[in-house]
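S.K.: Just passing along the structure, written as structure tokens.
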There are 2 protein chains.
Amino acid sequence: MEKCKITFYPINKDMEVPVGTPLKKAMDDAGLDFDFPCGGRGRCGKCRVRIREGVVPPSESDRVHFDEEELKDGYRLACTLTVQEDLVLELPQEGVTGHKILIDAAERSMEIKPHLQKVHLEVKKPSIEDQKADWDRLRDELTAVKGDRDYSITLPALQALPKVLREKKFSITAVFADHEVTGLEAGDTTDRMLGIAFDIGTTTVVGYLMDLLTGKELGAVSTMNPQTKYGADVISRITYSSQEAGGLERLHKAIIEAVNRLIGEAVEKVGSRREDVYALTFVGNSCMHHLLLGLEPRYIALAPYVPVTGSTQEMNAAELGIKINPAGKVYVLPNIAGFVGADTIGVILATELDQSSEIRLAIDIGTNGEMVLGNKDRMLACSTAAGPAFEGAQISCGMRGTAGAIDTVRLDDDLTYTTIGDEKPIGICGSGLIDVISMMLEAGIIDFRGRIPSPEQLKGNKFADRIVEHDGMRAFLLASAAETGHGKPLFITQQDVRELQLAKGAIATGVQILLDVYGIGYDDVFEVILAGAFGNYLDKHSACAIGLIPSSLEDRVRPVGNAAGTGAKVALLSAAEYRRSARIASFVEYEELAAYPKFTEIFANSLSFPKKD
Amino acid sequence: MEKCKITFYPINKDMEVPVGTPLKKAMDDAGLDFDFPCGGRGRCGKCRVRIREGVVPPSESDRVHFDEEELKDGYRLACTLTVQEDLVLELPQEGVTGHKILIDAAERSMEIKPHLQKVHLEVKKPSIEDQKADWDRLRDELTAVKGDRDYSITLPALQALPKVLREKKFSITAVFADHEVTGLEAGDTTDRMLGIAFDIGTTTVVGYLMDLLTGKELGAVSTMNPQTKYGADVISRITYSSQEAGGLERLHKAIIEAVNRLIGEAVEKVGSRREDVYALTFVGNSCMHHLLLGLEPRYIALAPYVPVTGSTQEMNAAELGIKINPAGKVYVLPNIAGFVGADTIGVILATELDQSSEIRLAIDIGTNGEMVLGNKDRMLACSTAAGPAFEGAQISCGMRGTAGAIDTVRLDDDLTYTTIGDEKPIGICGSGLIDVISMMLEAGIIDFRGRIPSPEQLKGNKFADRIVEHDGMRAFLLASAAETGHGKPLFITQQDVRELQLAKGAIATGVQILLDVYGIGYDDVFEVILAGAFGNYLDKHSACAIGLIPSSLEDRVRPVGNAAGTGAKVALLSAAEYRRSARIASFVEYEELAAYPKFTEIFANSLSFPKKD
């Protein structure tokens, strides 16, 4: 079969593929962490690449998403491109660079008592007077030292036993979880035991390397979730896994490979080996949880939206194809509901919401804004279909929080903004969007219903000349073509404002319904905990100004960073906390918002912006 | 590479191999269950084949084991033959036919309560008012039905759950062991649950297919242990596994493959499928136990002779590569010592020796004669190095109990014998050997020291003319060339008598030492239990006449057939009996005979035959 060569810039990667190969497939095969937000269906127009050498006739989708100038300049959507000849392609910078993620999190105090324990034993050698079998000999010594009986041993450990026992003259370290010996090491290795707490996000996967003996965090690693190329959000991945043959298996393998890669990176950072890692914990939303474990996620997305499990699940790492110490175990935190996952359990564990006397509200803002309201006596949780606006999707110039994203905006004498990495702007991320909308509201460039007035109506307003027509609708000019990194102007369109209203309205609706069901008002909420990296970047005044968070609670807002990840760390360092997570999952009451009688009314009321006093 | 074709008769198998391939390797590759008693070292001369077409120059070993006539007739040892051209080979009949084995055994009464249980559940469907996750829903139903809490589920079962639950409208059968759900089946399948009890012998592997619901035996299957081609006895297999690269792995795989084959055969016999088999139990001597589990057997054969484990070991069938229901489990009975294995535990379980008030002696006669003496208060076990004489090895015309083997002999007016399968004799098996020696003793053709007198000394004895010179020593003519199946005469040589003396002396020594240690005499022994097929074929009068069993106990001898296999069945049908086997293993005291102070003296005294009254 005839082959073509593809060269990718700026990463300088070459590959050969048969003529007629879809570029998406080639990029998957090449292992590029490239983003196809709509799952490669030619809809979102985000997967743009530029042809530097070679001829590619524009597709129908290309004609929708690019103008004649751009098409002439070689811009094409990667998802509809089929390779017919040798090509040199340029990848957009944000498609291949790392994300800005928050890996520090407020730590809570806790007792360190991990799932696996190690004990060093000096075992008495057998003799003709004492012919006890190797395992019985070891077990009796273990029983003597630990004061516990009924230890069992796994087959792989039993297979290793005779050799390991004799390697250092019957000086041996036993690794065990509960009453099962899962690993054996020659000599005394009780000074080495690492673990990794993973937070599997829809977009980003983060792993925290922990010393299981001291509880110290040794480092963090992160990568883009490689499943992104099969769909940016939970729903498109569920669709992919259900409708594509082998889809579930492919998504499952992709995340397992990413986890294995991150483990390798993490141990390399501290000069350790995979074999020093004995335990992993995982949090993630229900869909990420299911794909990690190879569980069918289809019923999450179909009424009545049930996950496969709402319990903790543990297994040998090898069962999942995860490469750590052969004795290594995996502990997965439980889901609360189809759209309130183990990541929310992580937030509760991290913030100890379940042990609080005061009533607190924890919100994790993302594509689905999950929230929990309550205290030790009662907890309510819900998920709101906020949509991906806060992550930059569905917004005309939206992008994730990577280099070149506008992340804060001020409208004072003039319009000023900052960008991530101090680069020329190429789009706007969630925190920037909330900022600019709140500023536009304050400056009167949006009314409380979300409408952008005409330049005529704004006569006298110093930003009136920024109101233009764009794509057949009214828009606010954020940055001119001259200012931007890609030479194209950035706008906030009327449609963008509507998208933001839907997103913030969804979250405000969730808060309102939880308060209603709980039977309390704003004043009863002691604290609003903002979980997730986004909470740290968010300007809380802006968030309150647009009505994302009730204004009366502005002073009680506390961002806690990646609390879900902290929860994973807590469950890694303490078997008791992990077991507590199972109790939390069955204790939290899940509220299906759409089934709430006054849902439509509350949602409609939440779409408007707060009127200015 | 140039290839040669080999054709095997009488099984009509063809194969192609590269020039220069050792015939042993070719036969291994072809999957022939051919017997190399000495492990293929050209020593024992038992692996004879006959060249029907093609030229093979005789090897040095061939010249030792065959005379000119035989060499001319094309007889060669398979183990030293290298294939240099196309060959047509004839395999001896006993090398490829099935063995005579005993698969019926005295059953004992017991309560049937297998390890795995099934329960059918009609699970309530989820709704928007009841969004409990699939597993939590199932677990709560299971808890309600069984009145037990804290059920967990394996990852494979969890992965199967959403589909299986919806296959028959939330009617589902859960398979569980202890508190772990290991399998799920749509609808009500509680009427189907099979198990197989395996007895892994050094020579023969037997599997008993059992209905786990009724306890009924549905059939039995057996095959030659395929490890035989790597060595006939325990020691040569330990040597092979320790000294050949990948040896342990090869022996392990060979037995697992045989087990998988037998499972297929067993279920086919009754029109079932592998998926209907949920549990397996295994007994075997310590070496077979270790090779089954892939455990290093080397330390069994090195002082102080310790096995890797003396405890029960359970695992998922899949962990061992055994193909049954994915939820299937394997339960392996414990060893007592390096040379007293799980088969002896099986004998104790089957005969309830551990619950007996009277003191009983159980003997399993084989290459290693294992025996247990005692009752519920104390049990002693030992292993005697009887050697393979009772299995026909080391005996000039010895063979295993297959077609054409002389199995009973009488010396009355004339010499008469019977053969297995009523065929012309081609050798003698263990029971025939004991018979003929006892008859020769009675007829005065052997004195009590085991010496065969000269024809002159026997003048007047009607069998005197059967005393001849053979292979440079005195011998007794058992069958003339004209009578035999292969046209060669059969003899009992002076050396054969010596081999038998060593074998029976070893066993008698074991009995004597156990009695001494226990502090009792023959009269205190209530019963002598002969376990193993051999016990059934043995003439107990002959056995006592040669001193294998003390004459005073002749009336108390009870053959029980394959009691080890019965023990495996008992442990399969009852989890409680399986757990009891672990207690038995730690309760039995193992006596190392060679370390017993008066060992040499007792052994020397045991070599002679009992003097006639």
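The values are calculated or read from the model by the stated rules, or taken from the named source; none is laboratory data. On a predicted model such as this, the values are computed, not experimentally measured, just so you know. No Cβ is skipped: glycine too gets one built from the backbone with ideal geometry, and neighbour counts run over all protein chains shown.
S.K.: Filter the stretch B:292-302 down to residues that are of a type outside the set (S, T, Y) and facing chain A (nearest Cβ under 7 Å) and give me whichever is surrounded by the most Cβ atoms within 10 Å (Cβ to Cβ). Steps first, please.
M.R.: Keep residues of the stretch B:292-302 that are of a type outside the set (S, T, Y), which gives B:292-298, B:300-302.
Adding the requirement that they be facing chain A (nearest Cβ under 7 Å) leaves B:293-296.
Numbers: B:L293: 23, B:G294: 20, B:L295: 28, B:E296: 21.
Among those that are of a type outside the set (S, T, Y) and facing chain A (nearest Cβ under 7 Å), it is B:L295.
S.K.: Restricting the search to the stretch B:153-172, which residues are more than 8 Å from chain A (Cβ to nearest Cβ) and part of a strand (DSSP E or B)?
M.R.: Result: B:S171, B:I172.
S.K.: Can you tell me which residue is farthest from B:T189 (Cα to Cα) among those in the stretch B:314-323 that are more than 10 Å from chain A (Cβ to nearest Cβ) and touching a helix residue (DSSP H, G or I) at 6+ places or on another chain (Cβ under 8 Å)?
M.R.: B:G321
S.K.: Quick check on the stretch B:288-300. Is at least one of its residues under 26 Å from B:G215 (Cβ atoms), basic (K, R) and in the same structural domain as B:N325 (by TED's automatic domain parsing)?
M.R.: No; the residues of the stretch B:288-300 include none that is under 26 Å from B:G215 (Cβ atoms), basic (K, R) and in the same structural domain as B:N325 (by TED's automatic domain parsing).
S.K.: Moving on to the next point. If you scan the stretch A:47-63, which residues turn out to be without any contact (Cβ under 8 Å) to a residue 24 or more places away in the chain, surrounded by 12 or more Cβ atoms within 10 Å (Cβ to Cβ), not in a loop (DSSP other than H, G, I, E, B) and not acidic (D, E)?
M.R.: Residue satisfying the conditions is A:S61 alone.
S.K.: So for the stretch A:340-348 (the condition being among the acidic types (D, E) and either modelled with pLDDT under 95 or over 21 Å from the mean Cα position of the chain (by Cα) (or both)), does at least one residue qualify? Before you say what the answer is, go through the steps one by one.
M.R.: Start the filter on the stretch A:340-348 by keeping residues that are among the acidic types (D, E), which leaves A:343.
If we keep only those that are either modelled with pLDDT under 95 or over 21 Å from the mean Cα position of the chain (by Cα) (or both) too, we end up with none.
Within the stretch A:340-348, none of the residues are among the acidic types (D, E) and either modelled with pLDDT under 95 or over 21 Å from the mean Cα position of the chain (by Cα) (or both).
S.K.: Do any residues in the stretch B:397-418 that are under 17 Å from B:C47 (Cα atoms) and charged (D, E, K, R) have Cβ atoms under 8 Å from those of residues that are buried (at least 22 other Cβ atoms within 10 Å of the Cβ) and at pLDDT 90 or above, where the two are at least six apart or on different chains, and which pairs are they?
M.R.: Pairs that qualify, where the first residue is under 17 Å from B:C47 (Cα atoms) and charged (D, E, K, R) and the partner is buried (at least 22 other Cβ atoms within 10 Å of the Cβ) and at pLDDT 90 or above, are B:R400/B:C429.
S.K.: Starting from residues that are assigned to a helix (DSSP H, G or I) and not aliphatic (A, V, I, L, M), keep the ones in the stretch A:64-77 and report whichever is nearest to A:L91 (Cα to Cα).
M.R.: A:E70
S.K.: Considering only residues that are on the phi < 0 side of the Ramachandran plot and buried (at least 20 other Cβ atoms within 10 Å of the Cβ), which ones fall in the stretch A:381-395?
M.R.: A:A381, A:C382, A:S383, A:T384, A:A386, A:P388, A:A389, A:F390, A:E391, A:A393, A:I395
S.K.: Then there is this: Condition first: outside any helix (DSSP H, G or I), at positive phi and at pLDDT below 95. Can you find one or more residues in the stretch B:402-423 that meet it?
M.R.: Yes; the residues of the stretch B:402-423 include at least one that is outside any helix (DSSP H, G or I), at positive phi and at pLDDT below 95.
S.K.: Does B:E554 qualify as being in a helix (DSSP H, G or I), touching a helix residue (DSSP H, G or I) at 6+ places or on another chain (Cβ under 8 Å), acidic (D, E) and exposed (fewer than 15 other Cβ atoms within 10 Å of the Cβ)?
M.R.: So B:E554 passes the test.
S.K.: Checking A:I359 against (1) of a type outside the set (D, E, K, R); (2) assigned by TED's automatic domain parsing to the domain that holds A:D524; (3) within 21 Å of A:L209 (Cα to Cα), only one condition comes out false. Which one?
M.R.: (3)
S.K.: Continuing with this model, one more query. Against the definition (within 14 Å of chain A (Cβ to nearest Cβ) and over 26 Å from B:D211 (Cα atoms)), how does B:L142 come out, yes or no?
M.R.: Judged against the criteria, B:L142 is not a match.
S.K.: Turning to a different aspect of this structure: Looking at B:K118, B:K132, which is the one that is in contact with a Ser or Thr (Cβ under 6 Å, 6 or more places away or on another chain), surrounded by 14 or more Cβ atoms within 10 Å (Cβ to Cβ) and at pLDDT 90 or above?
M.R.: Answer to the check: B:K118.
S.K.: Sticking with this structure for a sec: So if I check each of A:A317, A:A342, which one is of a type in the set (A, V, I, L, M) and in contact (Cβ under 8 Å) with a residue 60 or more places away in the chain?
M.R.: Only one candidate passes the filter, namely A:A342.
S.K.: Which one of these is more than 14 Å from chain B (Cβ to nearest Cβ) and under 18 Å from the mean Cα position of the chain (by Cα): A:E257, A:E265?
M.R.: Sole residue among the options that is more than 14 Å from chain B (Cβ to nearest Cβ) and under 18 Å from the mean Cα position of the chain (by Cα): A:E257.
S.K.: Return a yes/no flag: does the stretch A:324-341 have any residue that is within 10 Å of chain B (Cβ to nearest Cβ), surrounded by fewer than 22 Cβ atoms within 10 Å (Cβ to Cβ) and in contact with a strand residue (DSSP E or B) (Cβ under 6 Å, 6 or more places away or on another chain).
M.R.: No, there is no match, as no residue in the stretch A:324-341 is within 10 Å of chain B (Cβ to nearest Cβ), surrounded by fewer than 22 Cβ atoms within 10 Å (Cβ to Cβ) and in contact with a strand residue (DSSP E or B) (Cβ under 6 Å, 6 or more places away or on another chain).
S.K.: From the residues in the stretch B:580-599 that are part of a loop (DSSP other than H, G, I, E, B) and either over 23 Å from the mean Cα position of the chain (by Cα) or of a type in the set (A, V, I, L, M, F, W, C) (or both), which one is nearest to B:I345 (Cα to Cα)?
M.R.: Within the stretch B:580-599, the first condition is being part of a loop (DSSP other than H, G, I, E, B), and the residues that meet it are B:588, B:591-592, B:596-598.
Still in the running and either over 23 Å from the mean Cα position of the chain (by Cα) or of a type in the set (A, V, I, L, M, F, W, C) (or both): B:588, B:596-598.
Working: B:V588: 9, B:Y596: 23, B:P597: 27, B:K598: 27 Å.
Looking at the filtered set, the residue picked out is B:V588.
S.K.: From the list B:I492, B:I445, B:I437, which one is among the β-branched types (V, I, T) and out of contact with any strand residue (DSSP E or B) (no Cβ under 7 Å at 6 or more places or on another chain)?
M.R.: After applying the criteria, what remains is B:I437.
S.K.: Any residue in the stretch A:303-313 that is away from every other protein chain (no Cβ under 11 Å) and either touching a residue at least 24 places away in the same chain (Cβ under 8 Å) or buried (at least 24 other Cβ atoms within 10 Å of the Cβ) (or both)?
M.R.: No, every residue in the stretch A:303-313 fails to be away from every other protein chain (no Cβ under 11 Å) and either touching a residue at least 24 places away in the same chain (Cβ under 8 Å) or buried (at least 24 other Cβ atoms within 10 Å of the Cβ) (or both).
S.K.: Spot the failing condition for B:L478; the list is (1) crowded, with 21+ Cβ neighbours inside 10 Å; (2) in contact with a helix residue (DSSP H, G or I) (Cβ under 7 Å, 6 or more places away or on another chain); (3) in the same structural domain as B:L361 (by TED's automatic domain parsing), and only one is missed.
M.R.: Here B:L478 clears every test but (3).
S.K.: Taking interchain pairs and intrachain pairs at least six residues apart, which have beta carbon atoms under 7 angstrom, with the first residue in the stretch A:113-135 and within 14 Å of chain B (Cβ to nearest Cβ) and the second exposed (fewer than 15 other Cβ atoms within 10 Å of the Cβ)?
M.R.: A:I128/B:A303; A:I128/B:A595
S.K.: Is one or more of the residues making up the stretch B:511-520 at negative phi, at pLDDT below 95 and out of contact with any Ser or Thr (no Cβ under 9 Å at 6 or more places or on another chain)?
M.R.: Of the residues in the stretch B:511-520, the ones at negative phi are B:511-518, B:520.
Still in the list and also at pLDDT below 95: none.
Taking every residue of the stretch B:511-520 in turn, none turns out to be at negative phi, at pLDDT below 95 and out of contact with any Ser or Thr (no Cβ under 9 Å at 6 or more places or on another chain).
S.K.: From the list A:T190, A:T173, exactly one residue is without any contact (Cβ under 8 Å) to a residue 60 or more places away in the chain, within 22 Å of A:L573 (Cα to Cα) and either among the polar types (S, T, N, Q) or in contact with a Gly (Cβ under 6 Å, 6 or more places away or on another chain) (or both). Which is it? Spell out how you get there, then give the answer.
M.R.: Numbers: A:T190 fails: without any contact (Cβ under 8 Å) to a residue 60 or more places away in the chain.
Every option except A:T173 fails the conditions.
S.K.: Just wondering, is there one or more residues in the stretch A:522-541 that are surrounded by 19 or more Cβ atoms within 10 Å (Cβ to Cβ), free of Cβ contacts under 8 Å to residues at least 60 places away in the same chain and within 25 Å of the chain's Cα centre (by Cα)?
M.R.: yes
S.K.: Can you tell me which residue is surrounded by the fewest Cβ atoms within 10 Å (Cβ to Cβ) among those in the stretch B:182-230 that are more than 14 Å from the chain's Cα centre (by Cα) and of a type in the set (G, A, S)?
M.R.: Across the stretch B:182-230, the extreme among qualifying residues is B:G187.
S.K.: Let me ask something additional. Going residue by residue through the stretch A:390-400, is there one that turns out to be within 17 Å of A:H290 (Cα to Cα) and touching a strand residue (DSSP E or B) at 6+ places or on another chain (Cβ under 9 Å)?
M.R.: Of the stretch A:390-400, the ones within 17 Å of A:H290 (Cα to Cα) are none.
No, because not a single residue in the stretch A:390-400 is within 17 Å of A:H290 (Cα to Cα) and touching a strand residue (DSSP E or B) at 6+ places or on another chain (Cβ under 9 Å).
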